[in-house]
Amino acid sequence: MTRRGTGVVGAALVASLLAVSACGSGPDSASGSNEVRMLVNLTDNLTQEYWNELVQPFEEQTGIDVRIEGPTGTNVSETFSSQLAAGTGPDVIQSIFPDEQIAPELVDLTGETWVADTPMVDTYAMEGKHLVAGIGSQAQSLVYYNKTAFEEAGIEATPQTWEEFSDALAKLADAGYTPLQTAGQWQTGLQLQQLSHPTVNTLHPRWQSAVSAGELTLGQVFQPMFERYATWIEAGYVQQSDVGLDPSTADANFIGGKVGMYPLGSWLVASIDNAGELPFEVGVFSPPVEEGMSYPGPQGATMASPYMVYAGSERTDNALQLVKYLVTDQAAIESQLVQDGVFRTGTAVQTSPVGQEIQQIVDEAPELVAVGEGAGDTRLPVVGLNDKFTEITQSLYTGTSPADAAAELDAWAEQNR
Amino acid sequence: MSSTVVDRTRAPRRAVGGDTVVGAPQGPRRRRGIGAVLVEASMVVPALVVFVALLVVPVGYAVYYSFTDYNGFPNRTPEVVGLDNYVRLFQSTDVTGALVVTGAVAVAGSLLVNALALGLALLLWRTTRFTAIARVVMFYPHVLSLVAVGFLWSAILGPQGAVNSLLGSLGASPLPFLSDETWALATLIGVIAWAQFGVQLLIYLAGLQAVPAELLEAARVDGAGRWHTFRHVTWPGLAPSVTVALVTSMISLLKTYDVVVSLTGGGPAGSTKTFAYQILAVDFPKRQVGLASAEAVVLIIIAAVLSFAVLALRRRHDEAAA
């Protein structure tokens, strides 16, 4: 071999080795650093800038750098799964909840004294273990309404039964308003569930556990609400075209004053407050229940800003310090409560009239109940309900009968059990 | 090739039974040969390492996981479940529904993309100042992120989008671009075609440059009209380009995901839920990595079968023409 040939071979081998060694180094090589990675949900309310500002005092107090990471996929759950599979799991995860699969991957917070007093911590406990800590509750079962529209339509009181609700829809339509604003994408199924919570949880307390035990089916739980929706769609109270509407536009429609009623969670408060002076007064009430049931019914609620620590983290102590700060520091708690329309017993930070009305609804609710797939040990035997539920709810808009929609829900649960 | 001519493309013959065969490497030449082999190997190895690391290993893992119940968590040891994921995949109405949607998107989309690209390529074939600018403009949609494309068209075609607002102001009924199952699928295919035809346009423009000018001139002199010239001269000359454009567009459309996320979210009622969307937005987030891997393997197989089928048809057609 010539000298030139030897040199070429040597250079190529060195380049190959360098390339291979470069592939071998990854984020974990920085495990000795004083940095904590936190995967968070990014929304209109919870922006990257907001998160950076929220953790800044913590960074200054402790010298620990917090790297805020938004979802790289469609949501935090998908991103967390991807990162775990890739071996690049974050130290702290915000916005998703523990389930049977995630639980073994999380640090057990039960021994941390500061966790016991955090809101809804027992609701989310799994087999007695506290794996998640939050800062308050997000009320899920709310109907925002346009008080001006109600006055013009001659509706004197907010509806407490479904019959009164249907009457109100008819009057709003007659008065020239969109009676009930719904939207496409993820929001279609969510809104139907939100309206259902008080009735469903009065009829079937802890229905998720009942479905798990085989005492009840999902179709039986939701078919009555499917039937109401189908009636409203047929009557034109719910626009068939809403199924193609993006949720932001639905928010804008309500804030713009064209809409009579708009079911959504308490996070809409922040959007309403940020919208400035509206051309109408916003009110809010708990969804109706069936005739003869006690009103208000149980309020669907989720732990707000749930934080979990990844068991595979090499900076567990730093991660625990960060979570402790986020769920116990008074200024951090109040900031999060205000930013995302969150409620917490004994902390009246919601100063707007709508915020105060929601606080009252939460205080008067006979019970805060788990929504969707459930919480803690009160869980459905299947995962992925919300996506499928939205798909099936949307089929009501495109002509599927309530009975067929309920049957499809049961078939899906059976296939994925 | 004549038997008297040395075939230099073949490897040198080796010594057999102690006899040196003509062409066998001699001492100094053998040493140089080893050096040359090492040099060649050193050039190939990096590419081979990258190929194996980025293609063979991931696909291998996907195949392995598809036979397990793996949930994606490093602490969890995957347990082999045989063909369970494949059986479940074909029994699931969600998955089979997504396969049908993907088939519709791939077939209708690739036909639309190629028809659009070929038509425009024929219009922009001759180089003038206008066609040079037009080519750039036509390629522009392909540069955009598909997520951005989805949001853009959602704002244009949504129930309260620009088109329906215009129709409303003219007193016409709105069109259900995104709120009717059939319309939404057609809209999705149209938007994908708009976003993707740029590459196919380039392929056809390149292919048109290879059509012999003398044949076109001969056809013109013989009095052939535009259609006959296209049918008997241009189209046969474009055949390899058509194959490439069809295969690449079809494979690309089989993976349709981003635009679904931002345009329809898979709705309404799952009518635009593609196979890739089912894998990435439904099964993977549910941490069903085994099932999602089985779906990915099926997607690879479908893409391979389609590609080979188109290539085989092309080859058969060429042989018949020859």
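Nothing in this text is a laboratory measurement; each read-out follows from the coordinates by a stated rule. The shown structure was predicted, so the numbers you read here are calculated from the model rather than taken from an experiment. Ideal geometry is used to build each Cβ from the backbone, glycine not excepted, and the neighbour counts take in all protein chains shown.
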Check: Over chain A, what is the mean sequence separation of C-alpha contacts under 8 Å (at least six apart), divided by residue count, expressed as relative contact order in percent?
Finding: 25 percent
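What helices does chain B hold that run 24 Å or longer along their axis, going by alpha-carbon atoms, with a Kyte-Doolittle average of -0.5 or more, using DSSP H for the helix calls?
Membrane-span-like by this rule: B:27-51, B:93-123, B:181-209, B:235-254, B:289-321.
Please work out the FRET efficiency for the pair A:Asp363 and B:Leu111, using the Cβ-Cβ distance as r and a Förster radius of 56 Å; give the result to the nearest 0.05. All intermediate terms of the calculation are to be shown ahead of the outcome.
Numbers: r = 61 Å, r/R0 = 1.09.
After rounding to 0.05, the efficiency reads 0.40.
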Check: So what are the three principal axis dimensions of the protein assembly as shown from its Cα atoms, in whole Å, longest to shortest?
Finding: 105, 70, 50
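Just check the range A:312-386 against the gyration tensor rule for me: Cα atoms, a ≥ b ≥ c as the square roots of the eigenvalues, rounded for a/c under 1.5, and otherwise prolate or oblate depending on whether a/b exceeds b/c.
Values: a/c = 2.58, a/b = 1.10, b/c = 2.34.
Oblate.
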Item checked: Ascending count of other beta-carbon atoms within 10 Å, so fewest first, for A:Asp91, A:Asp108 -> A:Asp108, A:Asp91
Next item on the list: Measure nothing but the geometry: give the 0 to 90° angle between the long axis through the Cα atoms of A:385-397 and the longest principal axis through the Cα atoms of chain A, rounded to 10°.
Entry: 40 degrees
Notebook entry, point to check: What's the angle, to the nearest 10 degrees (0 to 90), between helix A:316-328's Cα axis and the longest principal axis of chain A?
Noted result: 30 degrees
Note to self: Angle check, please: helix A:330-339 long axis (alpha carbons) against the longest principal axis of chain A (alpha carbons), in degrees 0 to 90, nearest 10.
What the structure shows: 60 degrees
Item checked: Karplus 3J(HN,Hα) series, Hz, for the range A:180-197 with 6.51 cos²θ - 1.76 cosθ + 1.60 (x for Gly, Pro) -> 9, 8, 10, 8, x, 6, 5, 7, 4, x, 4, 5, 5, 5, 4, 5, 7, 3
Notebook entry, point to check: What is the projected area of the convex hull of the Cα atoms of chain B, averaged over all directions, in nm²?
Noted result: 28.6 nm²
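Which shape class, rounded, prolate or oblate, goes with the range B:25-181 when its Cα gyration tensor gives a ≥ b ≥ c as root eigenvalues, a/c under 1.5 marks rounded, and past that a/b bigger than b/c marks prolate? Spell out each step's value before the answer.
On the way: a/c = 3.25, a/b = 1.40, b/c = 2.32.
It comes out oblate by the Cα gyration axes.
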Note to self: I want to verify a result. In a Gaussian network model of chain B, Cα cutoff 10 Å, which of these has the top mean-square fluctuation: B:Tyr61, B:Tyr204, B:Tyr70?
What the structure shows: B:Tyr61
